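The values are calculated or read from the model by the stated rules, or taken from the named source; none is laboratory data. All figures in this text were calculated on a predicted structure; none of them were measured in a lab. Don't worry about glycine lacking a Cβ; one is built from the backbone with ideal geometry, like all the others, and counts go over all protein chains shown. Protein only, heavy atoms only, side chains kept; ligands, DNA and RNA dropped before computing areas. Shrake-Rupley method; radii C 1.70, N 1.55, O 1.52, S 1.80 Å.
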Amino acid sequence: MYDPVCGIAIDGEARFASEHAGARYAFCSRSCQDDFASDPARYAEMDPLIRLEQVVKTYDLGEVKVPVLRGLSMRIHHGDFIAIVGASGSGKSTAMNIIGTLDVPTEGKAVIAGKDVMRMTETDLADLRNGKIGFVFQQFNLVPSLSALENVLLPKTLRGAADAAAVKRAEKLLESVGLGKRMTHRPSELSGGEQQRVAIARAFINDPDLILADEPTGSLDSETSGKIIDLLSDLWRTSSKTVVIITHDPQIAANTRRILTMKDGRLVSNGGAASKAIWPTA
Amino acid sequence: MRAYLQIILRSFLFRKRRTFLTVLGIVIGSTLILTLVLLGDGMERALASQLQAFGGDLVFVMPGKADDPLSGFLRGTSGDLKDEDLRRIRETRGVELAMGMQIKNFRVEYAGETEVMNFSASPWEETRAIFEVSQGFQIESGAWPTRDEQDLLVLGKLAASDRFSRPIQVGEELVVSGKRFTVAGVLKSLGNPDDDARAYISIDRFRAITGERGTVMMAVAQVESGLDVKRVAEDLQYELERRRGSGDFTVFTSDSALEIVGGVLGVVKLVLGAFAAVALIVGGVGIMNTMFTSVLERTREVGIMKALGATDRSILYLFLSEAGLLGAIGGALGILISYGFAKVIEFAAASRDLAILQIDFDPVVVLGTLFFTFVIGSVFGAIPAVRASRLHPTEALRYE
Ligand SMILES: Nc1ncnc2c1ncn2[C@@H]1O[C@H](COP(=O)(O)OP(=O)(O)OP(=O)(O)O)[C@@H](O)[C@H]1O
Ligand SMILES: [Mg+2]
Ligand SMILES: [Zn+2]
């Protein structure tokens, strides 16, 4: 049985449990139970956007096998704003690669946007990434030879879909992240903060359901970090997107709606961890 | 392909110097091949029309081995054909007329100036019969001399009008190698500056000037009309060989001359073609090398594109097209350069009145070259492209 809110597997007798519409639900913590109670329909009736169950990821280094994820179970719901935290090496990025379908589990089940990734071809996974997921990386990961505008358009270009409407949308996005005057600049001509804004604009170009940001402020100073996080939370509030941020910064985590903590390749019960932000009213 | 064009062109611009250096080998290779194709065809056509003007019913006999005809020309062979050989030629079945010919430069004095002129010497009667009929010589003013022992000469159009500051008129006197000659006639232009700049005297006067006796450097035989020129040439070969007891001479017709020159051109083409092939292979290897470097350098970029939804196949096409375009850019530059070359040569030929050497802009050649160089590029870029397409997204993104 899995906690319907955070997805943690509940073995044996549950300390926190509720009834809803004739069914019984168990929770890892009071926090999850309270969350469920506040909006039971969202958790009980809708499929979560991301559902990992007993995911194992082992890196095979020839002589040794390195187990990184050891039975990770996790749920992320449509429209949520999540921070994933945890010690270095706890498997956050590995988990994000699986959520983002850049990698597949060694064992277990991963259902992303209703699709079981273990049953998808390479092309299907690429389509899923292109249409439903936007990535923001710590290293910005812009293509150095392309201008800001061309980078934002890249997901369209790769699909032969960079038409006039796409260009318009890319320009709008760049304006909305405050780079209306930097569109023709190459990444090397932009500051770190500006590059990350370009990356954020790019993540939104195909109007994805999910934005995945792995330490998006890890290479930025604290002032710029604050602005990037403000930008991401503004975009979350004004869109219906699900935003997942991996971070080491407790302050950033505290401003999301829910904090998921990882340890040794698994989620730890977020017993008591507050979810500060509220669901957007939109 | 069109979708990737922007990405590819940006990448070329981003690495301009490397792109240029990579393309160089293909530029050299395609320039060589195209110059060959363009000039080779033009040259063959020009030669054919020149040799046709030589007279299709004439057989030429020159001293020198048959397998070495060019060195005979180049050495300007000392007259090794005897009067006796000439007599045998005349007696060969199918020969209407035959004459011995000498070609030599003499100093010519006229109106206080001295110039060196090229002279052709042969007996007047046969000269007139053969040249008028077979090569289209026509007197513009004056008349052909009739008696060989008279000190008379005939001038080509340019020889009369261009060599001295004052044009030479019929009836005027020239001093050739110290002997006085009177101009009996001036020819109409033959359309070929070499022939038009020549002067003609009788073989008798030639011998009087030079003191040479009994030999000529070339014999020209006219074949009776209606007979097979090739057959008569074969008979001549046989007769002469019997008389001389060896084959140290060459018998050729305008057709066989064309064959020989064509053969030489063929060898030249083959050698240049081999160079071009090597240049193209070297160019292809250069593209492969650049693509390997490029894929390595852009590992992260491949990871990014995969994260953004590029499939393995689209990465493969992207890098294949990039390699192909490197080739085609080289091909395009090769086209420009070789047409430039060819036009310069055509212009040079035209300014020497050799308008026959004409280079045409052929869309089939242009498109063929672009296609061919694109294929070379993508074939040599295939292994790097496959390598790029197989990169694992997360590994590629971790690459520093
Ligand atoms: N491709 C790989 N091959 C071998 N080991 C790997 C590979 N990728 C990750 N690991 C290992 O897996 C463990 C978890 O890595 P991961 O990047 O998921 O951690 P993380 O929680 O994101 O850490 P950080 O906060 O430092 O980014 C680490 O010990 C790492 O060395
Ligand atoms: Mg990480
Ligand atoms: Zn929970």
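About the Cα centre of chain B, how large is the charge dipole given +1 on each Lys and Arg Cβ and -1 on each Asp and Glu Cβ? Please answer in debye to the nearest 20.
2320
Can you tell me the FRET efficiency between residue B:107 and residue A:181 if r is taken as the Cβ-Cβ distance and R0 is 60 Å, rounded to the nearest 0.05?
0.15
What order do B:231, A:42, A:129 take when sorted by accessible area (1.4 Å probe), most exposed first?
So the residues, ranked largest to smallest area, are B:231, A:42, A:129.
Ignoring solvent entirely, what values of log10 I(q)/I(0) come out of the Debye formula for chain B at 0.06 Å⁻¹ when each Cα is a single scatterer?
-0.43
Considering only DSSP beta bridges with both partners in the protein assembly as shown, what is the antiparallel share in %, to the nearest 5? The partial results should precede the final answer.
Details: 63 of 88 bridges.
In the protein assembly as shown, approximately 70 percent of DSSP beta bridges are antiparallel ones.
Springs between alpha-carbon pairs under 10 angstrom, Gaussian network model over chain A: which of A:147, A:29, A:18 fluctuates most?
In the Gaussian network model the winner is A:18.
Measure nothing fancy, just the Cα-based angle from helix B:254-297's long axis to the longest principal axis of chain B, in degrees from 0 to 90, nearest 10.
Around 20 degrees separate the two axes.
Can you compute the modelled spin-label distance between residue B:293 and residue B:243, with each label point 7 Å from Cα toward Cβ, in nm?
That separation, rounded to one decimal, is 7.0 nm.
Here is the link list: A:132/B:16; A:57/B:306; B:269/B:343. Which ones come out longer than 24 Å on Cα distance?
With Cα atoms farther than 24 Å apart: A:132/B:16.
Report the charge-dipole magnitude of region A:138-282 in Debye, nearest 20, computed about the Cα centre from +1 at each Lys and Arg Cβ and -1 at each Asp and Glu Cβ.
360
Is the shape of the protein assembly as shown best called rounded, prolate or oblate, per the rule: a/c under 1.5 gives rounded, else a/b larger than b/c gives prolate, else oblate, with a ≥ b ≥ c the square roots of the Cα gyration tensor eigenvalues?
Prolate.
Roughly how much accessible area, to the nearest 100 Å², goes out of reach of solvent when B and A pair up, both sides summed, probe 1.4 Å?
What B and A bury together is about 2300 Å².
Residue B:275: accessible area at probe 1.4 Å, nearest 10 Å²?
Around 120 Å² of this residue is reachable by solvent.
With +1 on the Cβ of every Lys and Arg and -1 on the Cβ of every Asp and Glu, and nothing else charged, how large is the dipole of region A:1-46 about its Cα centre, in debye rounded to the nearest 20?
Dipole of region A:1-46, to the nearest 20 debye: 40 debye.
Among bridges DSSP assigns within region B:57-252, what percent are antiparallel (round to 5)?
85
What are the principal axis extents of the Cα atoms in region B:57-252, in Å, biggest first?
51, 33, 29
Antiparallel DSSP bridges in chain A: what percent, to the nearest 5? Walk me through the numbers before you get to the answer.
Numbers: 26 of 44 bridges.
Taking every DSSP beta bridge within chain A, about 60 percent pair in antiparallel fashion.
Please compute the average number of Cβ atoms from other chains found within 10 Å of each residue's Cβ in peptide B:387-396.
Per-residue shielding by partner chains comes out at 2.
Which is farthest toward the positive dipole end of the protein assembly as shown among B:258, A:61, B:292, measuring Cα position about the Cα centre, with Cβ charges +1 (Lys, Arg) and -1 (Asp, Glu)?
Of the options given, the answer is A:61.
Once ligands and nucleic acids are excluded and a 1.4 Å probe is used, how much of residue A:248 is accessible, expressed in Å² to the nearest 10?
For residue A:248, the solvent-accessible surface is approximately 100 Å².
Using every alpha carbon pair in region A:1-46, what percent of pairs falls into each 5 Å bin from 0 up to the bin containing the largest distance?
5, 26, 38, 24, 7, 1
Please list A:169, B:45, B:17 from largest to smallest accessible area, probe radius 1.4 Å, with all protein chains kept in place.
Listed by decreasing accessible area, they come as B:17, B:45, A:169.
Kindly express, to the nearest 10 degrees and within the range 0 to 90, the angle between helix A:148-157's C-alpha long axis and the longest C-alpha principal axis of chain A.
The two axes meet at around 60 degrees.
Let me check against my output: what whole-number percent is the relative contact order of chain B, with C-alpha pairs under 8 Å and at least 6 apart?
Working: 666 pairs, mean separation 108.5, N = 400.
Once divided by the residue count of chain B, the mean separation gives 27 percent.
Taking a 1.4 Å probe, which of B:85, A:39 shows the most accessible area, and what order do the others take after it?
So, going from the largest accessible area down, we get A:39, B:85.
Give me a single rounded figure for A:118-126: the average over its residues of other chain Cβ atoms within 10 Å of their Cβ. Working shown, then result.
Values: counts 0, 0, 0, 1, 5, 4, 1, 4, 12.
Going residue by residue through A:118-126 and averaging, the value is 3.
Helix B:363-380 versus the longest principal axis of chain B: what is the Cα-based angle in degrees, 0 to 90, to the nearest 10?
That works out to roughly 40 degrees.
Just counting partner chain Cβ atoms within 10 Å, what average do the residues of peptide A:87-99 show around their Cβ? Could the numbers behind the result be given before it?
On the way: counts 0, 0, 0, 0, 0, 0, 3, 1, 0, 1, 5, 1, 0.
Mean partner shielding for this stretch: 1.
Measure up A:92/A:241; B:188/B:230; A:156/A:227 against 25 Å on the Cα-Cα distance and list the ones that go over. Could the numbers behind the result be given before it?
Numbers: A:92/A:241 21 Å; B:188/B:230 30 Å; A:156/A:227 27 Å.
Checking Cα-Cα distances, B:188/B:230; A:156/A:227 exceed 25 Å.
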